[in-house]
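Read the figures in this text as sums done on the coordinates, not as results from a lab. Because the structure is a prediction, the values reported are computed rather than measured. FYI the Cβ positions are ideal-geometry reconstructions off the backbone, even for glycines, and counts take in every protein chain you see.
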Ligand code: HEM
Ligand code: FES
């Protein structure tokens, strides 16, 4: 088992209004089997022992399924590996002496709360605007009452895997939330349960995404490249098609 | 539901309009290149083509104004998207790099606003040179018409600035369309995970064909082609 020394350059910011700046840390004896977040845990333990403020960063499951983690590592959302959330990244990706720059996702619509933690409630408000299916309440319907073609079910499931981490926004040169919004739309709009509200939903979610201050989409497809679950920008094309259908 | 105006100025509406106007401009320049190629036809082919266009009279003006509108809408939205970037990300990354793979970040996509603005300036310059320039007249089928061909050959054969300046700008056009054509497909809602690679390749091919087609003519004339057919002396 080899250990290494890692140089860290981490964005520190006291609160939303404060001006942030980079702090440099040196971490010895980093185990190559540590996950990236465990490496930060070690840093924080050291900082706490020294009586300093630990680095705030978001996580929950550490299994790549909840979408809480969303660090920008050396300029790439979730780090260098494709289809990998940063909690699933391991230190064996790095070598002794490497310098790693860690920044929060940067977007006006994602204000920094502290250090590397940003407020992603803009995504919740996009969902509130239309990312649901209205149903009559009452007893649960029979599961196979509405037949769904297998192909449609599979595609809907592919889009439903979006974990809402916000890497798409973080990586987009324009800070657009198109991939997030479009994946939710592509998931719901193609299912028989979601179809009746398709047009209303598309227009409402698109409006909310703009109101939140996310940028325009320039079809850079960087979002698809950083998405830990590989959502395709075909969903964005589909969103535009459905938007056109809603208007005409 | 939003009104048509609200829809057109919404984030998705703007993108659809960039794509729509972009495609329209591409169709126009394909048509324009067809006209330019008349320089390789019969000696009077280019002037005959110009005469036929002018014979449309008021209809030609309708087309010109329509084209100008499309051009301005395209440029306006394109530049405004670019200007909004800073508002959506007031604090930039200290380090930023692309993850590759399916990403379409390239020199071509990252310079869309730059190449676009150069094209805007170029078009003003271009219209001033060839549409408003001083022209001799020639007789075709007994009718007097502008000698466009002589002006074109005179301009490019006598000036390295014009010949190479045009050729260089056409490389920038190719760069604009390298991302642009593919982008327009996606903007207009052509989805499909598998067809994406095909669309990107088609876009690249269209960009190369148009850029090479346009830059070939000024260089051809500069290096002595077409002079024998012209009424004027090439230096
Ligand atoms: C007046 C000068 C021009 C400017 C300022 C301009 C600017 C732009 C910009 C900034 C974009 C990217 C939009 C985005 O980021 O989403 C764009 C896209 C595009 N442009 Fe231009 N452009 C100009 C002229 C042209 C011309 C002459 C053509 C064609 C011959 C053209 C074809 C396209 C196409 C096909 C797209 C892709 C549309 C899309 O993204 O959906 N542009 N333009
Ligand atoms: S912490 Fe849950 S996805 Fe990374």
Fill in: Fraction of beta bridges assigned by DSSP in region A:3-103 that are antiparallel (%, nearest 5)
80
Worksheet item: Taking Cα atoms, how many degrees apart are the long axis of helix B:112-130 and the longest axis of chain B, rounded to 10 and kept between 0 and 90?
Response: 20
Worksheet item: For chain A, what's the relative contact order in percent, using C-alpha pairs closer than 8 Å and at least 6 residues apart?
Response: 20
Worksheet entry | Angle in degrees between helix A:121-130 and the longest Cα principal axis of chain A, rounded to the nearest 10 | 10
Practice prompt. May I ask for the angle, rounded to the nearest 10°, between helix B:45-55 and the longest principal axis of chain B, with both axes built from Cα atoms and the value confined to 0 to 90°?
Written response: 70
Practice prompt. Please give the calculated 222 nm ellipticity per residue for chain B, where each DSSP H segment of at least 4 residues contributes -39500 (n - 2.57) and the sum is spread over every residue; nearest 500 deg cm²/dmol?
Written response: -23500 deg cm²/dmol
Item to complete: Could I have the simple spin-label model distance between residue A:157 and residue A:17, label points 7 Å from Cα toward Cβ, reported in nm to one decimal?
Response: 5.0
Worksheet, complete the sentence: Each residue of A:166-175 has, on average, a number of other protein chain C-beta atoms within 10 Å of its C-beta equal to 4
Discussion item. Using Cβ counts within 10 Å as a stand-in for footprinting exposure, how do B:83, A:145 rank, fewest first?
Written reply: A:145, B:83
Item to complete: Using only Cα atoms, figure out Rg for region A:51-177 and give it as a multiple of 2.2 N^0.38 Å.
Response: 1.33
Worksheet entry | Value at 222 nm in deg cm²/dmol, rounded to 500, when DSSP H runs of n ≥ 4 in chain A each add -39,500 (n - 2.57) | -10500 deg cm²/dmol
Fill in: Shielding by partners - mean other protein chain Cβ count within 10 Å, residues of B:104-117
2
Worksheet item: What are the semi-axes of the equivalent ellipsoid of region A:139-248, taken as the square roots of 5 times the eigenvalues of the Cα gyration tensor, listed largest first and rounded to whole Å?
Response: 25, 16, 12
Response to the item:
Per the rule of 0.36 nm per residue minus the C-alpha distance, extending residue A:113 to residue A:245 adds in nm 43.6 nm
Worksheet item: Could you give P(r) for chain B, binned at 10 Å from zero, as whole percent values over all Cα-Cα pairs?
Response: 7, 27, 31, 21, 11, 4, 0
Worksheet item: How would you rank B:82, A:11, B:61, going from fewest to most other Cβ atoms within 10 Å of each one's own Cβ?
Response: B:61, B:82, A:11
Practice prompt. Output the antiparallel fraction of DSSP beta bridges having both residues in chain A, as a percent to the nearest 5.
Written response: 80
Discussion item. Over all directions, how big on average is the projection of the convex hull of the alpha-carbon atoms in region A:3-103, in square nanometres?
Written reply: 6.5
Worksheet, complete the sentence: For chain A, using Cα atoms only, the Rg and Dmax in Å read 20.2, 64
Worksheet item: Between residue B:60 and residue B:193, what FRET efficiency follows from the Cβ-Cβ distance if R0 is 41 Å, with the result rounded to 0.05?
Response: 0.40
Worksheet item: What per residue convex hull volume, in Å³, comes out for region B:92-201 when only alpha-carbon positions are used?
Response: 186
Worksheet item: Ordered by packing density, taken as the mean number of other Cβ atoms within 10 Å over each peptide's residues, highest first, how do B:188-199, B:26-37 rank?
Response: B:188-199, B:26-37
Worksheet item: So, by mean Cβ neighbours within 10 angstrom, what's the order for A:177-188, A:237-248 with the highest one leading?
Response: A:177-188, A:237-248
Fill in: Within region A:77-96: backbone nitrogen closer than 20 Å to the residue B:92 label point (7 Å, Cα to C-beta)
A:77
Discussion item. Based on alpha-carbon centroids, what's the gap between region A:1-78 and region A:88-133 in Å, whole number please?
Written reply: 13
Discussion item. Could you tell me how far the Cα centroid of region A:185-202 sits from the Cα centroid of region B:105-163, in Å?
Written reply: 50
Item to complete: Determine the shape class of region A:1-52: with a ≥ b ≥ c the square roots of the Cα gyration tensor eigenvalues, call it rounded for a/c under 1.5, and otherwise prolate if a/b is greater than b/c, oblate otherwise.
Response: prolate
Fill in: Square roots of 5 times each gyration tensor eigenvalue, C-alpha, the protein assembly as shown, largest first, Å
52, 29, 18
Worksheet item: What is the distance, in nm, between label points placed 7 Å from the Cα along the Cα-to-Cβ direction at residue A:150 and at residue B:33?
Response: 4.5
Discussion item. Give the average over all directions of the projected area of the C-alpha convex hull of region B:63-114, one decimal, in nm².
Written reply: 5.2
Worksheet entry | residue A:195 paired with residue A:124, simple spin-label distance in nm, labels 7 Å along Cα-to-beta-carbon | 3.4
